[in-house]
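Values quoted throughout were computed directly from the atomic coordinates according to the rules given, and no laboratory measurement underlies them. Being a predicted model, the structure only gives us computed values, none of them experimental. Cβ: placed from backbone, ideal geometry, glycine included. Neighbour counts: every protein chain shown.
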Amino acid sequence: MTLMTTLLADVVQPGYGALGAGLAAIGAGIGIGQIGKGAVDSIARQPEASNDIRANMILAAALVEGVALLAAVAGLLAVFQK
């Protein structure tokens, strides 16, 4: 067993892993929605900078998705641990 699965087995109750995975998905959806909203507002104010804004938006969305994926995997590991 790795350190993470050992910690999850000791701390997390079986039902709470699925709750954590769901909250990670909801949090990612809210975060990416905020990123998109900010990008659209910025492009509306400065249309000439749309390529730079779009590139930064994609990078930020990818980072949010990466963290959410790790959180969802950790939650699902807690569910299937026992």
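So if R0 is 25 Å, what FRET efficiency would A62 and Y16 give, r being the distance between their Cβ atoms, rounded to the nearest 0.05? Once the sixth-power term is evaluated, E becomes 0.35.
Other residues lying with their Cβ under 15 Å from the Cβ of R54 contribute a combined charge of -1, Lys and Arg counting +1, Asp and Glu -1.
Our summary of shape: the Cα atoms of the range 37-82 have principal axis extents of 54, 14, 7 Å, ordered from largest down, in whole angstrom. Sequence-ordered 3J(HN,Hα) estimates for the range 49-62 from the Karplus curve with 6.51, -1.76 and 1.60 and θ = phi - 60° stand at 9, 5, 5, 5, 5, 5, 5, 5, 5, 5, 5, 5, 5, 5 Hz, glycine and proline given as x. Look at the dipole of the range 37-82 built from charges on Cβ: of N56, A74, A39, the Cα furthest out on the positive end belongs to A74.
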